[in-house]
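A short write-up of the structure that comes next.
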């Protein structure tokens, strides 16, 4: 089957990334999803199939640009630290590590989460 849409290509890249990383309860996976309107960040324990922390620009009322992504990363780090999460594995979700995705990762690092 020929891939046709940009989202199909992103899903294939995400599969390649996911083959290499896995989240545990000690080191959960930080999954980033960027849609046309919002940005979503989740801390996921893949062994139990459970979302530990979830933050979105939709729920927080933030914008979808780089400053909004930075704020979202700081909010995610705050909630993760409240749950006792200090180290995690970063899953860029098939997106380039650039712009909003990079801003989230940098904000997590600056807020004390080890990636």
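Every number here is computed from the coordinates shown, using simple stated rules; none is lab data. Just so it is clear, the structure is predicted and the values come from calculations on it, not from any experiment. Virtual Cβ from ideal backbone geometry, glycine too; neighbours counted across all protein chains shown.
Does region 1-34 hold any residues that are closer than 19 Å to residue 98 by Cβ and touching a helix residue (DSSP H, G or I) at 6+ places or on another chain (Cβ under 9 Å), and which are they?
Matches in region 1-34: 30, 32, 34.
Mind checking whether some residue in region 23-35 is more than 15 Å from the chain's Cα centre (by Cα), loosely packed, with under 13 Cβ neighbours inside 10 Å and touching a residue at least 60 places away in the same chain (Cβ under 8 Å)?
yes
When residue 108 is evaluated against the numbered criteria (1) without any contact (Cβ under 8 Å) to a residue 12 or more places away in the chain; (2) in a helix (DSSP H, G or I); (3) surrounded by 13 or more Cβ atoms within 10 Å (Cβ to Cβ), which criterion, by number, is the only one it fails?
(1)
Could you please give the count of residues in region 71-99 that are surrounded by 14 or more Cβ atoms within 10 Å (Cβ to Cβ), in contact with a helix residue (DSSP H, G or I) (Cβ under 8 Å, 6 or more places away or on another chain) and more than 16 Å from residue 50 (Cβ to Cβ)?
So the count comes out to 12.
Kindly provide the set of residues from region 62-90 that are closer than 20 Å to residue 27 by Cβ and either within 14 Å of the chain's Cα centre (by Cα) or not in a loop (DSSP other than H, G, I, E, B) (or both), ordered by number.
Within region 62-90, 73, 76, 77, 78, 79, 80, 81, 82, 87, 88, 89, 90 qualify.
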